[in-house]
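Structure first, then comments.
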Amino acid sequence: MGRVWDLPIPPDEKLLLLALADHADHNGENIRPGNRLLVEKTGFTERKIQRLLKRFLDSGLLTITEHAQGGRGMYRVYAMHPEYAPAPRAPRSGWSGRGAETKGEVIAPAAVTPIEDAPSESPDPGDDQQVQSLTASFARFWAVWPKPVEKKAALAQWRKLQPSPELVETIIAAVERHKLTRKWQEGYIKAPHRWLRDENWEDDVEADIVAINTALPSWVHLLPGETATQVGPDSWDLVDSTGRRRLIRPDYHGVIWDERKHRSSEGRRTFAALVERAKEGRQVA
């Protein structure tokens, strides 16, 4: 919360940001107060709070980390990034700075004493280079991530992480290894910002990696664009680019279950009859 006090933002924005920071954890995350509570804390209308929240989100000062289910429906969970505070807005003309304008009264501007020998501040070119480097490295990460969702939250986490070139290579290599795990191939993939936050690139996933296109039975012929994944002893999943699945299992006795042919009730009966016929053929042999 201390960093919020130092931000160069208007008082109304600072008040709302302090109310949000009051609900944040030590990482500035897990902020989930409802608008009604923010109305009570700030005295603002709900419409004004929504307008200020949009300004925070547009600037990157806030990011949405998840949409959660609550007692009254869906609600947002925010994370705060004070380093991306919006630039201060210029005061409106005629505003005295203390209260409302006085009709018919001319308010003289306060005298300003110049500061001699004040050093002029110029932007550090190194900052621009760092931003460009982070943007480029994040683009590489995003290109290999298999489920591109919640990009803004992932970018905010990437900026917070500020990975070195060596760590970037480690993260990208870890993503490629995770792609080979059964969990990821079945679609159970964590949101990218959480994966980065939890440093999951350090996880040992070797035991969960499945073999691809290895030790297929000689009687199995892959269709164009089809990939075989071994999921167990004498068991394979054959999946093509459209998501069509064909399954090989020991108890199918050499009959391949085809999702397009055998998913319906009639197809299941046909498949069961084929398996029974194959079992009888093996017993006779």
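Taking 0.36 nm per residue of sequence separation and removing the Cα-Cα distance, the Ala278/Thr45 pair yields an extension gain of 76.7 nm.
For the stretch 127-207, the relative contact order comes to 38 percent (Cα pairs under 8 Å, sequence separation of at least 6). Scaling the Cα radius of gyration of the stretch 2-84 by the globular reference 2.2 N^0.38 Å produces a ratio of 1.02. Here the gap between Lys179 and Asp251, fully extended at 0.36 nm per residue and compared with their Cα-Cα distance, gives a gain of 23.1 nm. The slack in the chain from Lys54 to Thr270, taken as 0.36 nm per residue of separation less the alpha-carbon distance, amounts to 72.1 nm.
Placing one equal scatterer on every Cα of the stretch 127-207 and applying the Debye formula, the log10 ratio I(q)/I(0) at q = 0.14, 0.16 Å⁻¹ is -0.43, -0.56. Distances longer than 20 Å among the Cα atoms of the stretch 184-264: what percent of all pairs is that? In whole percent, the long-distance tail amounts to 44. Straight-line cross-link partners of Lys152 among the lysines, defined as a Cα under 24 Å from its Cα and at least 8 positions apart when in the same chain: Lys14, Lys48, Lys54, Lys160, Lys179, Lys190.
Coordinate-derived values only; no laboratory data. Keep in mind it's a predicted model, so treat the numbers as computed, not measured.
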